[in-house]
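FYI, it's all coordinate maths here, none of it is from the lab. This is a predicted model, so every value here is computed, not measured. Cβ atoms come from the backbone with ideal geometry, glycine included; neighbour counts cover every protein chain shown.
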Amino acid sequence: MQALRHILRLLSIARTLARHDALFILERLQLAPGVVLFAKLISSRRAPGRPGERLARAFQDMGPSFIKVGQMLSTRSDLLGEEMAADLSKLQDKLPPFSGAEARAAIEAEFGRPVDDLFSHFDDEAIAAASIAQVHFAVTTDGEEVAVKILRPGIEDAFKNDLELFFWGARLLQRARPELRRLKPVETVSTLARSVEMEMDLRFEAAAADEMRENFAGDGNVFVPSIDWLRTGQRIMCTQRVYGIPFGDIDAIKAAGHNPHEVLRKTAETFFYQAFRDGFFHGDMHPGNLFVLPDGAIAIVDFGIMGRLDRTSRRHLAELLMSFLTRDYRRAAEVHFEAGWIPKHQPIEEFTHACRSIAEPILDRPQNEISIARLLGQLFQITEVFEMETQPQLLLLQKTMLVAEGTGRRLAPDANMWLIARPLIEAWMRANLGPEARLQEAAQQTLDVLKRLPAVVKGLENALSQFDEHGLKLHPDTVAQLRGNRQRNGWFAPAVVLVAIGAAILGLTAF
């Protein structure tokens, strides 16, 4: 019955795609061809626009879950191509707002108190409404001007049903097309599910905003609004209100006396610090989430989509960016192999050639037209040839870079944010890839090994005690003695166990 329900839902989806002339997405996946054929017969029509634009409109019609799918697919230029991914990145996460009465009811249900106990004034009209939540301005009873984010009523159930469908489709795809397993469809849906789960508990978003605020504490160029934790819960988030000029309003930015090149410099530095210094970056830096404050600082809002990069990934990414900016394609290829993104049996010479073929047409353009995000996007498109496994953290970063580049280009069409950030990247590499940094890393790795040693020793003791007539088995009294020695002399037991392992190996060799 569950499979039947999913098939009927898939038919409804196919009909919507057919109305927007966007069935190509199911045709490309070769998923449920019978459903696709039936949808074509009853709903197919010609629609204007590029394929990505038609698909974006279809996702918009299908509601919140599919808007999120569209946003996720906008990071997958390796699957859809650069143009279609770029079209999906423009998908507007906007829906009609729910009523002020429903917003007030949600607040009262969350805190068990009347709205008037929390806010001296609450605007019933939403200032912004998206697929998962909407935002209202208010004033607290303490006199603080705030923005209140409220989840849509019933949004959890709507996502739950659609996520079940997505998991079913991903498993079906893996069975029907084993060659697509390297793209990890089930893992991709799991990532979407985790992301949605985090977005639908606004305490997680509040924590993300709080972490980023801490990261930029004392930085006069970046402003992150503070969280009102007393008025924040699972379905409600209350933050300091931001007064600034949206990045999309270039004329207003200039009229206020701000230099667009200086604004771009601060934006480029902010992005660099997030990705490389902190390894924690805003995943949706479009103009609606960025503001220029009266003092010229850059304000960031909406922390529902965040990304993380561990230190190793940051090092690899920094080396990769510098390799391309200096046109050292051999080093760019080596970084992919060192990071484990490409299997070692692939020919590095051919991948070096591929890097050159992708980068030269982009890097040979005027400086202000160079797009590192586009370069990475095209690089991801050749993954199938070189068996490169999907790297979700880099896909989100690439999409964020693409959006940030577009924002920067609107601010200052004759400048390039990556050339502005290049000195910062070089300085970071000197500090993190030099001899001193490598010694510190080696010391930390040694400490980590030493911390794990007691657990390893215990595992070895247990393993040795399990030998039977096919090999050496320590007497129970000996095992007990070893464990007693380990408790009394933390340094002595590992040595005894290692000697026992050596004896076992010699015994097995002799046998």
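Near ILE300, once Lys and Arg are set to +1 and Asp and Glu to -1 for all other residues with Cβ below 11 Å from its Cβ, the sum equals -1. Look at the dipole of segment 243-433 built from charges on Cβ: of ASN289, ALA427, PRO260, the Cα furthest out on the positive end belongs to ALA427. Here the Karplus relation 6.51 cos²θ - 1.76 cosθ + 1.60, evaluated at θ = phi - 60°, turns the backbone of segment 315-326 into coupling constants of 5, 5, 5, 4, 5, 5, 4, 5, 4, 6, 5, 9 Hz, with x for every Gly and Pro. When only the Cβ of Lys, Arg, Asp and Glu is charged (+1, +1, -1, -1), the dipole of segment 2-92 relative to its Cα centre reaches about 380 debye.
Using DSSP to call loops (not H, G, I, E or B), can you name the chymotrypsin sites (Phe, Trp or Tyr not before Pro) in segment 228-288 whose Cβ has at most 15 other Cβ atoms within 10 angstrom?
Details: sites: TRP229, TYR243, PHE247, PHE271, PHE272, TYR273, PHE276, PHE280, PHE281; in loops: TYR243, PHE247.
Answer in residue order: TYR243.
With neighbours defined as other Cβ atoms within 10 Å of a residue's Cβ, the residues LEU180, LEU395 order from fewest to most as LEU180, LEU395. Toward the positive end of the charge dipole of segment 243-433, with +1 on the Cβ of Lys and Arg and -1 on the Cβ of Asp and Glu, the farthest Cα among LEU396, SER323, GLN346 is that of SER323.
Note on the chain: dipole from Cβ charges, positive end direction compared against GLN30, GLY408, GLY279; the farthest Cα belongs to GLN30. Computed from phi, the 3J(HN,Hα) profile of segment 110-127 under the Karplus parametrisation 6.51, -1.76, 1.60 (θ = phi - 60°) reads 5, 9, x, 9, x, 4, 5, 6, 9, 10, 6, 8, 9, 6, 5, 8, 5, 7 Hz, with x in place of Gly and Pro.
Each residue of segment 217-232 is assigned a 3J(HN,Hα), and the resulting list reads 4, x, 8, x, 8, 10, 10, 10, x, 6, 9, 8, 5, 5, 10, 10 Hz, derived from the Karplus form 6.51 cos²θ - 1.76 cosθ + 1.60 (θ = phi - 60°), x at Gly and Pro. The Cβ shell under 13 Å around ALA373 holds other residues with a net charge of 0, Lys and Arg each +1, Asp and Glu each -1. Taking amide H positions as placed 1.01 Å from N in the peptide plane, with prolines and chain starts having none, which residues 5 or more places from MET306, or on another chain, fall under 5 Å of its amide H? Under 5 Å from the amide H of MET306 lie the amide H atoms of GLY283, each far enough along the sequence or on another chain. With axes computed from alpha carbons, what is the tilt in degrees of helix 392-411 against the longest principal axis of the chain, rounded to the nearest 10 within 0 to 90? The helix 392-411 is inclined about 30 degrees to the chain.
When peptides 312-323, 211-222 are ranked by their average number of other Cβ atoms within 10 Å per residue, the highest-first order is 312-323, 211-222.
Estimated purely from DSSP H runs of n ≥ 4, each contributing -39500 (n - 2.57), the mean residue ellipticity at 222 nm for the chain is -19000 deg cm²/dmol once divided by its residues. Placing unit charges on the Cβ atoms only, positive for Lys and Arg and negative for Asp and Glu, gives segment 324-390 a dipole magnitude near 200 debye about its Cα centre.
Give the whole-number value, in cubic angstrom per residue, of the convex hull volume spanned by the C-alpha atoms of segment 16-155.
135 Å³
Lysine pairs, Cα distance under 17 Å, 8 or more residues apart or cross-chain: how many in the chain?
On the way: LYS68/LYS90; LYS68/LYS94; LYS68/LYS160; LYS68/LYS399; LYS90/LYS399; LYS94/LYS149; LYS254/LYS266; LYS458/LYS473.
The number of close lysine pairs in the chain is 8.
Close amide H contacts of ILE236 (hydrogens built in the peptide plane, cut-off under 5 Å, sequence separation of 5 or more or a different chain): LEU202. For the chain, the relative contact order comes to 11 percent (Cα pairs under 8 Å, sequence separation of at least 6). A straight line joining the Cα centroids of segment 216-241 and segment 336-397 runs 37 Å.
Nearest 20 debye, what's the magnitude of the dipole of segment 103-181 about its Cα centre given +1 on Lys and Arg Cβ and -1 on Asp and Glu Cβ? Please report the intermediate quantities before stating the final value.
Details: 9 positive and 15 negative charges, 190 e Å.
Result for segment 103-181 is approximately 920 debye, rounded to the nearest 20.
Going from the residue with the fewest nearby Cβ atoms within 10 Å to the one with the most, TRP418, TRP428 rank TRP428, TRP418.
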